[in-house]
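Since the structure comes first, as structure tokens, the remarks are kept for the end.
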Amino acid sequence: MLKNEWENIQNGQEIRQSLSKIRQAIKESSNLQLLRSIVKGSEETLIELLQSEDAKTRKNAALLMGDLGQQEFLRPIWKAYKNESQRFVKSSYLSAVGRFDYDDYRDDIKEQLEILKTVELTRENEKHITEEMRQLSALIVRIEGISKHSFTGWNSPYDIVLLANRNFTETVGKELLALEPNAKIKLVGAGVTAKVENLNWIRDIRIYQELLFMIKGMGTCPMDWTAVAETIVSSGLAAFLAGSHDGAAPYYFRLEMKSKRALGEKSVFLKKLAARIEKLSNRKLINSTDNYELEIRLIENKLQNCNIMIKLFTLKDKRFTYRKEVIPTSIKPVNAALTVALAREFMKEDAQVLDPFCGVGTMLIERHKAVRANTTYGIDISEDAILKARENTATASQIIHYINRDFFRFTHDYLFDEIITNMPFKIGRITEEEIFNIYKRFFQKVPQHIKAGALVVLYSHNKDFVKQMIARTDFQLLKEYEISKREETYVFILRYK
């Protein structure tokens, strides 16, 4: 197919259609390699197409040369870009330029961007000039990176939202007030809104999911891209960014939209919105899909209006940076932290703690961060998990003894005060029957390793199995929490009688 289409191009037959068919076919890497071998020796054919009278042929020829990535195409593409009279084609040339080593054209690219800034925007040219400027900016960023700003606003007051598990917004609120007593909080469906005097407490609260900022003047507006852009740029966002960071504009942003609208509709909306924000802000806010410092999050509410909030990537979330390694069954660290927070009132300092299915160590690490433990052991049948647990634990600067062994063959010289674990669950080829058998053996085995009155904390995907085992054994249920209805996850806090 590729050979036939290339022959059509060489013979001047259905050129535009053949270019499109070839570009579609080479999305598979094997076809791309084949095309390179077919084109080899006749590259001039493509270069000549940059002079075609048909603008779409010029566009597709440039994009195909970018796909091929042969450095010899760069010079003619850049020359064609400079000479191009059709605005809608020019951004495609720049897209192709980005596929080459174009460092020698850095000054030319900057010069083109400065020229475009002086062009008067009209209804007819605004779309294409804006896209061309975006492409030029992206090329510069890829070479030079961005002048990243550092967050410096730790001691300033903010209006924030702590997104959290909907079942435990009250728990998050209590932890926030314990760390920041002067906070003015309100529990909402998705978490906790708060007026806080500073952010010095943020590294010590481990059970929220995300921190977002509410900006003065950036509240709710119609879900229309022009209205959203005007709301964002006319709000206090510029003052917020300048007051909480070193350095000056521009700031690089990405857009995130939470909406039930179709993917294609959202894509068009966000593309128009990004261009409008850049224009209205005089490019003090620049859209970037790769190098960004903040996220402008749009949330379509029940009235189909738009709530707008800001997430800062300059404010690093370092709560779980110790977890360098994971496996497919790893618990989310925020859920491990939540499990520990829910059981904390029953935990004691200097307890001897065991995790029979420790995975990469997250549960034990979070347990020790909440309440200082004594000797701690993690057991797992997977050697890969144990190796990763040791690495994570070293990064967390903790001491935990890890053993690569099947828990049901584990022996130990003394009894433990506490067991905390993420119970195995159905995944891959493991059946529900096999999981039930693990629960049955677990509840039979555990009493051999714990003291009377010992605490057992289980994060479980199998509520009914836990309930059945409690009814048959010497365990008392102290607390039961639903973590996620959708994922069917629960926390059970038990006491060994």
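What follows is calculated from the coordinates using simple rules that are stated; it is not laboratory data. Predicted model only: the values in this text are computed from it and were never measured. Cβ atoms come from the backbone with ideal geometry, glycine included; neighbour counts cover every protein chain shown.
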Inset, instruction - Could you check what % of the DSSP bridge pairs in region 333-496 are antiparallel, to the nearest 5? - result: 50 percent
Legend entry - Hz values of 3J(HN,Hα) by residue in region 466-476 - Karplus curve (6.51, -1.76, 1.60), Gly and Pro given as x: 4, 4, 4, 5, 4, 5, 9, 10, 8, 10, 9
Inset, instruction - Could you check how many percent of all C-alpha pairs in region 343-402 are farther apart than 20 Å? - result: 18 percent
Legend entry - Expected 222 nm ellipticity per residue - DSSP helices of 4 or more, -39500 (n - 2.57), all of the chain, to 500: -13000 deg cm²/dmol
Legend entry - Cβ-derived FRET efficiency at R0 41 Å, SER147 paired with ILE399, nearest 0.05: 0.50
Legend entry - Cα shape, region 365-490, gyration tensor, a/c 1.5 rule: rounded
Legend entry - Point-charge dipole on Cβ atoms (K/R +1, D/E -1) for region 2-140, about Cα centre, debye to 20: 360 debye
Inset, instruction - Provide the FRET efficiency to the nearest 0.05 for the ASN155-ALA25 pair, computing r from the beta carbons and using R0 = 45 Å. - result: 0.20
Legend entry - Debye log10 I(q)/I(0) for region 35-173, one point scatterer per Cα, at q = 0.13, 0.14 Å⁻¹: -0.65, -0.71
Inset, instruction - May I ask you to derive the FRET efficiency for SER42 and ALA239 from their Cβ-Cβ distance with R0 = 60 Å, giving the value to the nearest 0.05? - result: 0.55
Inset, instruction - Return the lysines within reach of LYS216: Cα separation strictly under 16 angstrom, same-chain partners fewer than 8 residues apart disregarded; answer none if there are no such residues. - result: LYS195, LYS311
Legend entry - Mean-position separation - Cα centroids, region 27-86 and region 342-375, in angstrom: 60 Å
Legend entry - Radius 15 Å from Cβ of ARG203, net charge of other residues (Lys, Arg +1; Asp, Glu -1): -1
Legend entry - Those lysines that a straight Cα-Cα span of less than 28 Å connects to LYS110, excepting residues fewer than 8 apart in one chain: LYS56, LYS59, LYS79, LYS82, LYS90, LYS127, LYS148, LYS271, LYS272, LYS279, LYS284
Inset, instruction - Of the DSSP beta bridges with both residues in region 227-350, give the percent that are antiparallel, rounding to the nearest 5. - result: 45 percent
Legend entry - Order of MET214, MET1 under a 10 Å beta carbon neighbour criterion, fewest first: MET1, MET214
Legend entry - Net charge of Cβ neighbours under 14 Å - reference GLU28; Lys, Arg +1; Asp, Glu -1: +3
Legend entry - Placed amide H near ALA164: partners under 5 Å, 5+ positions off or other chain: GLY191, VAL192, GLN209
Legend entry - Extension gain, ASN305 back to GLU230 (0.36 nm per residue minus Cα-Cα distance, nm): 25.5 nm
Inset, instruction - Please grab the % of Cα pairs in region 146-318 that end up more than 30 Å from each other. - result: 17 percent
Inset, instruction - Give the Rg (one decimal place) followed by the Dmax (whole number) of region 259-348, computed from C-alpha coordinates and expressed in Å. - result: 19.1, 58
Inset, instruction - Taking just the C-alpha trace of region 1-66, give me its Rg and Dmax in Å. - result: 10.7, 32
Inset, instruction - Enter the per residue convex hull volume of the chain, computed from alpha-carbon coordinates, in Å³ rounded to the nearest integer. - result: 193 Å³
Legend entry - Neighbour-count ranking [beta-carbon atoms within 10 angstrom, fewest first] of TYR102, TYR414: TYR414, TYR102
Legend entry - Antiparallel DSSP beta bridges within the chain, percent to nearest 5: 65 percent
Legend entry - Ranking of CYS221, CYS358 by count of other Cβ atoms within 10 Å, fewest first: CYS221, CYS358
Legend entry - Alpha-carbon centroids, region 156-174 and region 273-319: separation in whole Å: 21 Å
